1. Would it be correct to say that Gln7 is in a helix (DSSP H, G or I), closer than 22 Å to Arg445 by Cβ and open to solvent by 30 Å² or more (accessible area, probe 1.4 Å)?
2. Scan the stretch 326-340 and report the pairs whose first residue is assigned by TED's automatic domain parsing to the domain that holds Leu362 and over 13 Å from Ser274 (Cα atoms) and whose second residue is within 11 Å of the ligand (Cβ to nearest atom) and in a helix (DSSP H, G or I), with Cβ atoms within less than 6 Å and a gap of 6+ or a chain change.
3. Within 16 Å of the ligand (Cβ to nearest atom), buried (at least 17 other Cβ atoms within 10 Å of the Cβ) and within 31 Å of the chain's Cα centre (by Cα) - does that describe any residue in the stretch 173-183?
4. Condition first: touching a residue at least 24 places away in the same chain (Cβ under 8 Å), open to solvent by 20 Å² or more (accessible area, probe 1.4 Å) and assigned by TED's automatic domain parsing to the domain that holds Val65. Can you find one or more residues in the stretch 113-127 that meet it?
5. Could you check how many residues of the stretch 317-335 are away from the ligand (no atom under 13 Å from the Cβ) and either at pLDDT below 95 or of a type outside the set (A, V, I, L, M) (or both)?
6. Of Glu425, Glu367, which residue is in the same structural domain as Ile333 (by TED's automatic domain parsing), open to solvent by 70 Å² or more (accessible area, probe 1.4 Å) and part of a helix (DSSP H, G or I)?
7. Mind checking whether some residue in the stretch 34-56 is among the charged types (D, E, K, R) and under 22 Å from the mean Cα position of the chain (by Cα)?
8. What's the total number of residues in the stretch 274-305 that are of a type in the set (A, V, I, L, M, F, W, C), under 12 Å from Leu239 (Cα atoms) and near the ligand (Cβ under 8 Å from one of its atoms)?
Amino acid sequence: MTPKQWQAVWRWLIPMLVLANAIVIFFFWWKISGYLIYRPMKGSWLIAGGHITGLAAQYLLLMQVVLVGRIRAFEEAYGFPALNRLHQTVGKWLLACIALHPFLLAAGYAARTSLGIWGQLVDFVQHWEDVSLALIGLSVILIAGLLSFRFVKKYLRFETWYGTHLLMYVGIILVFGHQLEGGSMSNPSFLQFWLWLNGVGFGLVLAYRFLRPFALWFRHRFTITDIRQETANIISLTLSGRLMDRFRLEPGQYANFHFFGLAPRWAAHPFSFSAAPNGKTLRVSVKQLGDFTNALPKIKVGTGVMIDGPLGRFTLSAAQTDRYLLIAGGIGITPIRAMLDTIAEQGKEAVLLYAARTPADLAFRSEIDAIVKAHPNIRVIYLVESQEGDMMCHVGRVDEVCLRTYLDDVHAWDVYVCGPPIMMENVTAVLRKMGMPKRHIHSERFSW
Ligand SMILES: Cc1cc2nc3c(=O)[nH]c(=O)nc-3n(C[C@H](O)[C@H](O)[C@H](O)COP(=O)(O)OP(=O)(O)OC[C@H]3O[C@@H](n4cnc5c(N)ncnc54)[C@H](O)[C@@H]3O)c2cc1C
């Protein structure tokens, strides 16, 4: 089956699985707690509500880690940006369920005792197994979740936010124990189902997100073999290692990179490969932007690199046609530079619109010019905001006039755009206005 056919299969199968599991959970909740609804006693609806919000919270927690777990089927079917957007939405439902769960239970049981809600909560912690751990876990998940709201996150350094977000895994472990004690788990079939569901879900995440990068490292031992200054603030790192011909990637893809020895910056950073795979080396090109990328030029040849990838669907195999309009802004040239190698090799037609502030900010210029010289089907137009120095470029932006110049028939081309978010939004809006079908427009954003 082709990648596109597999994508279609997963795009059908994944929602089916999510829905089927939700139906099974609801079925067992009704089987076990339904009597609290149809034979109500004091507080029983609240208790039933506490049960279902607890089950929903765990199921949503599982979905949260699976959505960003780099699991191949999910990545191929939807791509990380879409998965991440869903992750942000599901996160809000999760916070609501996980906050409601203890209070609904406490309110329900408090209706039957004289303890009151807070007294009931204290009683849960003192007398119900693993509830004290679960309360700590719940607090960790709530805090990490609240720190992810945009109006809070914008004040945090990426690493600080990322660190608190990874603490979620500690929270997940702490809240799991109390779920196996009585309540819904008194039904052995449901307990088995619940252990299988969570076992498979977390197992897949463990494999893809945590073990795969290590396995790739042990297999390939990626090491930096060359460092090159492309422009004043862009450097290229060439990596090599063992069995490089077995590290398969498609031009346009990216990966998350850990550079050993660049402590304390432990978080992986995503970079697109800036050259097509050649079976010997890999290349990434990085623009200095913040604390991590500003530290990168200090890195030494010989430094080990752990790669979590390849990832992403910004590839030529997503194209509907074999004529490509490639639009790059600034550092957004990297995945497009990789695609250019393959388009040239395949002898296909392409127009590259490469925009930067000044001619000196244009990376890979000599490489691109050499490809254009050798391949008449490929044209490049360099667009700058201001003409500085003696390198001649067009002064201007990728606007409607520009796009209408190169796109004779919007159905006969695929457009690949990568660059500053505002440029990508404007270009996409103009293409849609020109009638270009959505599936002919492919974009890669360098921020999530
Ligand atoms: C799919 C993808 C491909 C990319 N390809 C390239 C490339 O080829 N070349 C290039 O120069 N840049 C690329 N980037 C952007 C690059 O990852 C960020 O510029 C870099 O991580 C910034 O780190 P910093 O600490 O220097 O900056 P900071 O000032 O800490 O962050 C600047 C911005 O980058 C984002 N960011 C920071 N750290 C991370 C992280 N670990 N993971 C995700 N986002 C982060 C944050 O949203 C932040 O707003 C890509 C990003 C994505 C999502």
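1. On the way: in a helix (DSSP H, G or I): yes; closer than 22 Å to Arg445 by Cβ: yes; open to solvent by 30 Å² or more (accessible area, probe 1.4 Å): yes.
So Gln7 passes the test.
2. Here the result reads Leu326/Ile336, each pair linking the stretch 326-340 to a residue that is within 11 Å of the ligand (Cβ to nearest atom) and in a helix (DSSP H, G or I).
3. To start, the set of residues in the stretch 173-183 that are within 16 Å of the ligand (Cβ to nearest atom) comprises none.
No: the stretch 173-183 contains no residue that is within 16 Å of the ligand (Cβ to nearest atom), buried (at least 17 other Cβ atoms within 10 Å of the Cβ) and within 31 Å of the chain's Cα centre (by Cα).
4. Initial filter on the stretch 113-127 (touching a residue at least 24 places away in the same chain (Cβ under 8 Å)): none.
No, there is no match, as no residue in the stretch 113-127 is touching a residue at least 24 places away in the same chain (Cβ under 8 Å), open to solvent by 20 Å² or more (accessible area, probe 1.4 Å) and assigned by TED's automatic domain parsing to the domain that holds Val65.
5. So the first thing to find is which residues in the stretch 317-335 are away from the ligand (no atom under 13 Å from the Cβ), and the list is 317-327.
If we keep only those that are either at pLDDT below 95 or of a type outside the set (A, V, I, L, M) (or both) too, we end up with 317-324.
The number of residues fulfilling the criteria is 8.
6. On the way: Glu367 fails: open to solvent by 70 Å² or more (accessible area, probe 1.4 Å).
Step by step, each of Glu425, Glu367 is checked, and only Glu425 is in the same structural domain as Ile333 (by TED's automatic domain parsing), open to solvent by 70 Å² or more (accessible area, probe 1.4 Å) and part of a helix (DSSP H, G or I).
7. The initial filter retains those residues of the stretch 34-56 that are among the charged types (D, E, K, R), namely 39, 42.
With the extra rule that they be under 22 Å from the mean Cα position of the chain (by Cα), the set shrinks to none.
Among the residues of the stretch 34-56, not one is among the charged types (D, E, K, R) and under 22 Å from the mean Cα position of the chain (by Cα), which makes the answer no.
8. As a first pass, look at the stretch 274-305 and keep what is of a type in the set (A, V, I, L, M, F, W, C): 275-276, 282, 284, 286, 289, 292, 295-296, 299, 301, 305.
Those still in the list that are under 12 Å from Leu239 (Cα atoms) too: 275, 282, 284, 301, 305.
Going one step further and asking which of them are near the ligand (Cβ under 8 Å from one of its atoms), we end up with 284.
Qualifying residue count for the region: 1.
The values are calculated or read from the model by the stated rules, or taken from the named source; none is laboratory data. Just so it is clear, the structure is predicted and the values come from calculations on it, not from any experiment. For neighbour counting, all protein chains shown are included, and Cβ atoms are generated from backbone atoms with ideal geometry for every residue, glycine included. Note: accessible area is taken over every heavy atom of the protein model, side chains too, but ligands, DNA and RNA are not part of it. Shrake-Rupley method; radii C 1.70, N 1.55, O 1.52, S 1.80 Å.
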